[in-house]
Structure formats: structure tokens, C-alpha cells
Amino acid sequence: MYLYDAIDKDFLADRAAEFRGQVARRLAGELTEDQFKPLRLMNGLYLQLHAYMLRVAVPYGSLNPTQLRAFAHIARTWDKGYGHFTTRQNIQFNWVKLGDAPDILDHLAGVDMHAIQTSGNCIRNVTSDPYAGATAQEVDDPRVWSEVIRQWSTLHPEFSFLPRKFKIAVTAAETDRTAARAHDIGLKVQRGPDGDLGFEVMVGGGQGRTPYLAPTIRAHLPASRLISYLEAILRVYNRHGRRDNIYKARIKILVASLGAEEFARQVEEEWLKIAEGADLPDTELARIRGSFAPLDFAILPPRSDVFEAAKASDKAFARFVRNNIKAHKQPGYGIVEISLKAPGATPGDASAEQMEAVADLAERFGLSDIRATHEQNLVLPHVKLDDAPAVHAALAAVGLATPNINLISDIIACPGLDYCALANARAIPVAQSIAERFADPDRAETIGELKVKISGCINACGHHHVGHIGILGVDKKGEEFYQLSLGGSGAEDASLASILGPALPADKVADAVDRMVEAYLAIRQDGERFLDTFRRAGMTPFKEAVYVDAH
Amino acid sequence: MSMLIKLTQAGFQVAEDLFIDVADEEIIPAGSVILSLTRFQAEGDALVTAGRAVGVRIASDETVEDLAYDLPRLALVAVVFPKFRDGRAFTTATLLRERLGYRGEVRAVGDVLREQALFMVRCGIDAFAPADGATVEDWARAAGRYRHVYQRAADRRAPAFEERG
Ligand code: SF4
């Protein structure tokens with residue numbers, strides 16, 4: 001992974017020192033909360049329902065064991081013993097005291113981590129493929145470009161006070177694990193017609209109250225021109241994005257109101273005026289690329305006898321293999337997904353002990369590489385199949401061997417009304433009730449891939465617009481209700497979900513999901529996922545299943 | 001006369017503000033003045049021809065390119081930050097320096113706070129009228145807090161990738 005040099009380290013130390021000064025001024029009463037608010041937000045510190053919440057960046061979802069241990073230390077020392085991995089591959093600590101925040105940032109800076117640009121109307125942490133460097137699907141390592149963007153966007157002089165927050169995703173594989181089209185900018189690394197490296201550039205996606213999938217504004221951008229092209233997009237947005245209404249301020253609204261073609265024309269016009277000198281020199285690109293050089297993989301046969309024997313003798317391991325271990329580009333290796341969605345757990349939460357266990361496993365068996373996914377799970381991207389049984393056993397010992405990746409109980413949920421000051425309804429208990437309903441692993445496997453995503457309000461942090469089943473918490477005369485929608489996808493076959501019907505009370509949600517699942521099982525054709533059946537059969541069978549009593 | 005903070009070869013310094021900022025409904029007084037873009041377009045020519053020192057105030061929603069041909073005749077350009085959150089003036093200043101080649105004074109006016117000092121300096125702004133009572137020392141400290149920067153910008157500071165050279 002990318003190693004911070006003296007310059008990167010100085011930068012984080014300077015940032016932490018600056019924030020310490022600001023907190024001291026606030027605690028001494030020299031700054032009012034109003035004056036302090038924009039400053040703490042620039043360091044990821046939110047004031048939530050019950051306490052301060054600190055959002056720490058996990059740059060493009062990539063971390064090493066030392067960093068994960070630092071999260072565990074923070075959880076234990078300054079929080080209630082756990083952290084929450086978010087849908088943006090970041091981690092949040094929900095119970096932070098203001099006076100402790102500078103110490104936490106110092107501790108983070110000591111392991112090359114920070115909370116820079118985890119809030120505010122700036123360019124946020126880049127989303128990337130958690131399988132980067134491990135999947136055979138990719139044409140290039142998307143982390144190279146994510147790191148280029150991290151540096152370019154850090155305290156960007158011109159683009160740190162945009163109309164609204166700004167999220168960029170970089171993917172380089174056919175299977176999109178980043179929800180690229182749901183971002184302000186989605187970049188897909190690809191080979192052009194002449195074999196040259198470049199990007200498909202998608203702009204103007206987003207969720208919230210008006211969801212859009214990003215249209216492609218440039219079919220192929222030469223890779224070496226990335227920074228100048230981003231500059232052109234951001235400049236057009238900074239100048240022309242709406243600032244009169246925060247609900248219309250995201251770039252998706254600008255792109256939709258101009259039309260993708262006209263927006264693209266304005267970007268190209270601006271881009272032509274930017275000198276080529278604005279791009280990153282090849283030497284720096286090569287330096288960054290060097291950080292992601294292929295790892296020291298062992299030469300192994302594709303088949304592991306240890307692995308096969310364990311699979312044959314241990315049903316639990318076999319199930320874990322079927323659902324949580326994915327193909328690796330290197331023979332004899334696998335990508336191990338660690339579900340943070342055990343039945344009854346809060347989606348995305350990990351305790352200090354669990355984080356330490358994962359850090360140990362990464363060191364012993366995983367080439368010291370760990371990823372966070374936007375689906376709120378963790379990944380050990382490089383595990384020898386020979387070691388997989390041992391990894392599975394160690395995960396099981398700390399409650400992390402839940403074999404449900406991409407299944408119905410692998411639910412995304414935002415913090416909702418349990419923590420979030422903006423929430424209309426709780427999201428976590430709804431996720432728990434669905435996960436419990438489908439706790440039978442055989443049934444869950446029979447159902448197959450089914451992505452349930454839950455948001456506690458229209459801001460859509462739980463990505464409900466791109467859930468196969470999306471669930472949105474709404475407030476109906478002071479009561480929590482849930483609006484269900486079907487047919488969304490954040491993957492390469494991206495689509496937005498459509499509303500099923502009238503909202504339901506909390507205790508009816510798991511029932512409704514159950515009925516829709518039964519309806520799907522009754523009509524599915526060979527190999528169809530829930531999403532495919534919905535796309536073929538439409539809304540009616542599901543609507544009938546849920547609202548049958550209402551007739 | 002009010003005071004300004006200016007960035008010179010010798011660093012940040014306090015300077016006397018010799019210009020009168022003229023609102024659109026006010027009569028243009030004698031001396032050096034700053035006018036809105038609209039007013040400058042209507043009345044600026046006569047003043048400049050008469051040898052007056054004239055600056056132009058650019059609101060955050062105005063197009064700085066409209067000033068391109070007048071820049072050589074201007075004493076300064078004031079870019080307005082209407083509120084902390086409105087970052088359009090950063091683009092205005094960047095374009096003045098990088099695209100229009102303006103070498104005269106670019107002054108930050110409006111909601112000018114030390115927390116944005118670094119960003120302003122990097123975008124080529126070299127005169128500041130702080131709204132938060134920041135002293136020249138406060139301003140210099142805020143602008144100089146980071147030993148390194150990551151991007152090329154109008155201030156010509158060597159970014160990390162050049163330092164790494
Ligand atoms: S979707 Fe709403 S409730 Fe959930 S985290 Fe976002 S703002 Fe809070």
C-alpha cells in the first residue's frame with residue numbers, strides 16, 4: 001500500500017496541531033459554537049444526538065494492521081469499545097468527547113491517518129474497489145489513481161468550499177464494487193481503442209432526495225490528463241452549481257438541469273483552457289505506482305489440499321467458502337470477506353477486540369493488507385487457500401465468521417435515529433429484525449444475492465435508492481414508518497429503485513420482506529437473482545404479496 | 001482609513017487602505033475608489049481616463065472574464081466572499097492570476113476569515129480585509145500553518161511532488 005513519506009507525515013502533524021489550537025480556543029470560550037462548527041466539521045467532528053461523532057478517513061478503504069489496531073485503541077480509550085464502518089469506507093466513533101478529539105487526531109497522525117475532508121463541502125475520501133490488487137478483473141490498480149486524487153484534493157486551494165460535498169469513485173473492474181454511478185464523479189479505468197490506459201468519466205450521480213445515476217460525459221479520457229480534467233469539472237461546478245438551496249446544490253442537479261451533453265461541452269471548453277502543466281508529472285505518478293507494486297505472492301498450485309479437505313469435512317467452513325471467499329488473481333490465494341453483519345449486530349460495527357483480531361490475521365496470513373467495503377464489511381484481500389481454514393476458525397472465535405456476504409442478511413444500514421441528528425426513523429433495529437428473520441443460513445443461501453439497504457432519512461446514507469430492496473425511514477405524524485422500494489442496484493448494472501407502495505410500520509417491515517422473498521422464490525426462473533426476477537416480472541407480484549391484506 | 005493586511009516580498013504586512021469602497025447608490029467621491037463591476041462598466045472609463053486609481057469589486061456570481069480587457073488599467077481587483085461557505089471567489093482569483101495574467105493587487109473582501117487564509121493566498125490573493133479581527137500575526141500564522149502543499153496553484157509554491165523531485 002501507499003507509504004507516507006516525511007512530507008505526508010508533516011502534513012498530518014500540522015493538521016493535528018491546527019485542530020488542537022482550535023479546540024483550545026473553543027474550550028476557552030474564545031470561539032462560539034457557531035464559529036467553531038465549520039472548523040470542527042473540517043476535521044470530521046459532528047455533533048450528533050447524544051455526543052460528538054468523529055469520522056476518520058480510511059483512504060479508498062485501504063488500511064494496514066497498525067492502523068486497524070489504532071482504531072481499536074481509540075475505540076477502547078476514547079469511545080465505548082467499538083467503531084462503526086460506514087458506507088463510504090470510513091470509520092466513525094460515536095461517543096467522542098470534544099476535549100479528547102485532539103489526542104485522537106494525534107494518535108491517528110502517528111499511524112498516517114486523519115479526519116481531513118470527512119465532512120464539509122469539499123472533495124471527500126475517494127471510494128475504490130476493496131478487491132484492488134487482488135482481483136483478476138482489473139485492468140489497472142485503482143488505488144494508484146485514488147492516491148493521486150487523495151493528494152490532489154487535500155486542502156485544494158480552489159475546491160474546498162464547493163456548493164456541496166463531492167464524492168469520487170474509482171473502479172477498474174467489470175464488477176463494480178464502488179457504486180461508481182451513484183457518485184458525483186465515477187471513474188472507470190479502462191483500455192482505450194488503441195490499448196492506452198484511460199477513464200470512462202461519469203458525472204452527476206448521487207442519492208439523497210433526488211437520486212440520479214451519473215451519465216457518461218467522456219467515453220475515454222487519457223489517464224495522464226486526469227487531474228486537469230477533474231479541475232475542469234470542479235471549476236464548472238464551483239462556478240455554476242446552485243448555492244441558494246442545499247437540496248439542489250449537488251453536481252447532479254447541475255448536470256441534470258443543463259443536460260449531460262451541455263455539461264460535457266462546458267467541461268471540455270474549460271479543459272481546453274487549462275494548460276497541460278496542470279497534470280501530474282509522470283515521475284510522481286511512477287512514484288505512487290511504485291507503492292502498489294505487485295506483492296510478494298508465493299507460487300502455489302491453484303488447488304489447496306488443506307482447503308479442500310476442510311471444505312469436505314467442515315460444513316461451516318464450506319458455507320463460509322461459498323459466500324465469503326472470492327477468486328484471487330494469484331493461484332492458491334483467495335479474497336476473504338469478513339461480514340460485520342452477524343445476526344443481531346449493528347451493521348458495520350466492530351469491537352476493539354474484533355479489530356485487533358482482524359489486524360493479527362492480516363499480519364499472520366494476509367500480507368498485512370486490510371480493506372473496508374462500502375457495504376460495511378472488511379476484507380483480507382490476500383489469503384492463501386492453505387491458510388483459509390485457520391483464518392475462518394480465528395474469525396469464528398471473535399464472532400466474525402458470519403457466512404452471509406451479498407445475502408439477504410448482509411444489510412447496509414445508516415446509523416439512523418439511534419445516533420443521527422437528521423434521522424426520521426431508526427435503521428439499525430429494522431436491519432436487525434430482517435437479519436433475524438433470515439437467520440437460517442440455508443434459507444438465506446437458497447434466496448441468493450439480495451441487497452437490502454436501509455436509510456433513516458431522505459439523505460440516503462444507507463443507499464436505499466440502489467438496494468435490490470431499499471428501505472427508507474419516514475416520519476408519519478411522529479411515528480416511524482418505512483417506505484419500501486425495489487429494483488435498485490449500485491453495481492455495474494446500476495439502476496434506481498422504485499417505490500413499492502404505502503409506507504409500513506416498523507413491525508411490518510420484516511414480514512413484508514419475507515412475503516416478497518416468497519413471491520420471488522415462487523416465480524424465479526433458472527439462476528435469477530431477486531433483482532433479475534423483479535426486472536423481468538415487474539412490481540405487481542411483489543405489491544400483491546405485501547398489500548394482499550389491504551384489499 | 002481602515003487597515004489591510006498585504007502579502008509582499010517581505011511577508012505579511014499591515015498597510016493603510018487608500019481606497020474608498022463605493023456602493024452602487026453612492027456618489028463617487030474624490031480619490032481612489034473601488035466600484036462594482038456594473039458601475040465600472042458604465043462609468044469606469046471616464047474615471048480612468050481622468051487619471052483616477054480605480055479598482056473593481058467582483059461579486060461571487062459575476063464572471064471575471066468580463067474584465068479581461070480592462071485589467072491593465074485597474075489599480076486592484078476586490079473579490080467578494082459573501083459568506084464562509086461560498087467558495088466561488090477562489091475560482092475568480094485563480095482565473096485572474098492563472099488565465100488572465102493579472103499581476104496587480106487581488107484583495108479579499110467580505111466574510112474574510114483566517115481559517116481560509118491559506119486557501120486565499122494559494123489562489124493568488126495578496127491583500128486581505130479580515131472580518132474576524134485577525135491581526136497580521138494571526139494571519140501569517142494561519143496562512144503558514146502547513147509546511148507542505150499538494151497542488152500547483154497561483155502562489156507558485158512548490159507542491160509535494162516537486163519537493164520530492
Ligand atoms: S440517511 Fe439520514 S438518518 Fe441516516 S445517517 Fe444519513 S442523515 Fe442520518
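The values are calculated or read from the model by the stated rules, or taken from the named source; none is laboratory data. Source: prediction; values computed, not measured. Note: ideal-geometry Cβ built from the backbone for every residue, glycine included; neighbour counts use all protein chains shown. Areas reflect the complete protein model, heavy atoms only, side chains present, ligands, DNA and RNA absent. Shrake-Rupley method; radii C 1.70, N 1.55, O 1.52, S 1.80 Å.
Local charge sum around A:Gly538 (other residues, Cβ-Cβ under 13 Å, Lys/Arg +1, Asp/Glu -1)?
Once all neighbours under 13 Å are counted, the net charge is +1.
Run the accessible area of segment A:6-109 with a 1.4 Å probe and give the carbon-and-sulfur part as a rounded percent.
Within segment A:6-109, the accessible surface is 54 percent carbon and sulfur.
In deg cm²/dmol and to the nearest 500, what is the mean residue ellipticity at 222 nm of chain A if only DSSP H runs of at least 4 residues count, each as -39500 (n - 2.57), divided by the residue total?
When only DSSP H runs of four or more count, the value is -11500 deg cm²/dmol.
How much length is gained on full extension from A:Asp106 to A:Arg25, taking 0.36 nm per residue of separation minus their Cα-Cα distance? Walk me through the numbers before you get to the answer.
Values: separation 81, 0.36 × 81 = 29.16 nm, distance 1.75 nm.
Gain on extension, A:Asp106 to A:Arg25, equals 27.4 nm.
So what J values fall out for segment A:450-456 if you push phi through Karplus, 6.51 cos²θ - 1.76 cosθ + 1.60 with θ = phi - 60°, rounded to Hz, Gly and Pro as x?
For segment A:450-456, the Karplus curve yields 7, 9, 9, 9, 10, 10, x Hz.
Filter the chymotrypsin sites (Phe, Trp or Tyr not before Pro) in segment A:280-350 to those in DSSP coil with at most 16 other Cβ atoms within 10 Å of their Cβ, and list the result.
Sites meeting the loop and neighbour criteria: A:Phe297.
In Å, what is the Rg of the alpha-carbon atoms in segment B:1-83, and how long is Dmax?
Looking at segment B:1-83, its Cα Rg and Dmax stand at 13.2, 38 Å.
Show which aspartates and glutamates lie in cross-link reach of A:Lys508 when reach means a straight Cα distance below 19 angstrom and same-chain residues fewer than eight apart are skipped.
Those aspartates and glutamates meeting the cut-off are A:Glu436, A:Asp475, A:Glu479, A:Glu480, A:Glu518, A:Glu544, A:Asp549.
Once you have a ≥ b ≥ c as the square roots of the Cα gyration tensor eigenvalues for chain A, tell me rounded if a/c is under 1.5, and otherwise prolate or oblate according to whether a/b is larger than b/c.
rounded
Once you sort the root eigenvalues of the Cα gyration tensor of segment B:3-164 as a ≥ b ≥ c, which label holds: rounded (a/c under 1.5), prolate (a/b larger than b/c) or oblate (the other case)? Kindly include the intermediate steps, with their values, before the conclusion.
Details: a/c = 1.96, a/b = 1.58, b/c = 1.24.
Note, shape of segment B:3-164 comes out prolate.
What shape does segment A:104-243 have by the C-alpha gyration tensor, where a ≥ b ≥ c are the square roots of the eigenvalues, rounded means a/c under 1.5, and otherwise prolate means a/b greater than b/c and oblate the rest? Show your work: numbers first, answer last.
Working: a/c = 1.60, a/b = 1.16, b/c = 1.39.
Judged from the Cα gyration tensor, segment A:104-243 comes out oblate (a/c at least 1.5, b/c at or above a/b).
Let me confirm one metric for peptide B:90-99, namely the mean number of other chain beta-carbon atoms within 10 Å of its residues' beta-carbons.
Across the residues of B:90-99, the mean count of other-chain Cβ atoms within 10 Å is 4.
Below 30 Å, Cα to Cα, which lysines can A:Lys315 reach? Residues fewer than 8 away in the same chain don't count.
Once the sequence-local lysines are set aside, what remains near A:Lys315 is A:Lys326, A:Lys329, A:Lys341, A:Lys384, A:Lys451, A:Lys453.
Between B:Glu26 and A:Ser433, what is the spin-label point distance in nm, taking each point 7 Å from the Cα along the Cα→C-beta axis?
6.3 nm
For a Förster distance of 25 Å, can you work out the FRET efficiency between the beta-carbons of A:Arg364 and A:Ala13, rounded to the nearest 0.05?
Working: r = 31 Å, r/R0 = 1.25.
The computed FRET efficiency comes out at 0.20.
Can you compute the FRET efficiency between A:Glu544 and A:Ser498 using 1/(1 + (r/R0)^6), with r the Cβ-Cβ distance and R0 = 22 Å? Round to the nearest 0.05. It would help to have the intermediate numbers written out before the result.
On the way: r = 15 Å, r/R0 = 0.70.
That gives a FRET efficiency of 0.90.
By the 4.7 Å beta carbon criterion, which cysteine residues of chain A come out unpaired?
So far as the 4.7 Å Cβ criterion goes, A:Cys122, A:Cys420, A:Cys457 stand without a partner in chain A.
Modelling each spin label as a point 7 Å along the Cα-to-Cβ direction, I'd like the A:Glu261/A:Arg242 distance in nm, to one decimal.
So the two model labels end up 2.3 nm from each other.
How far is it, in nm, from the label point at A:Glu269 to the one at B:Ala46 when both lie 7 Å from their Cα along the line to the Cβ?
3.4 nm
Does a label point 7 Å from the Cα of A:Ala136, set along Cα-to-beta-carbon, have any residues of segment A:279-304 with amide nitrogen under 15 Å, and which are they?
Only A:300-304 pass the distance filter.
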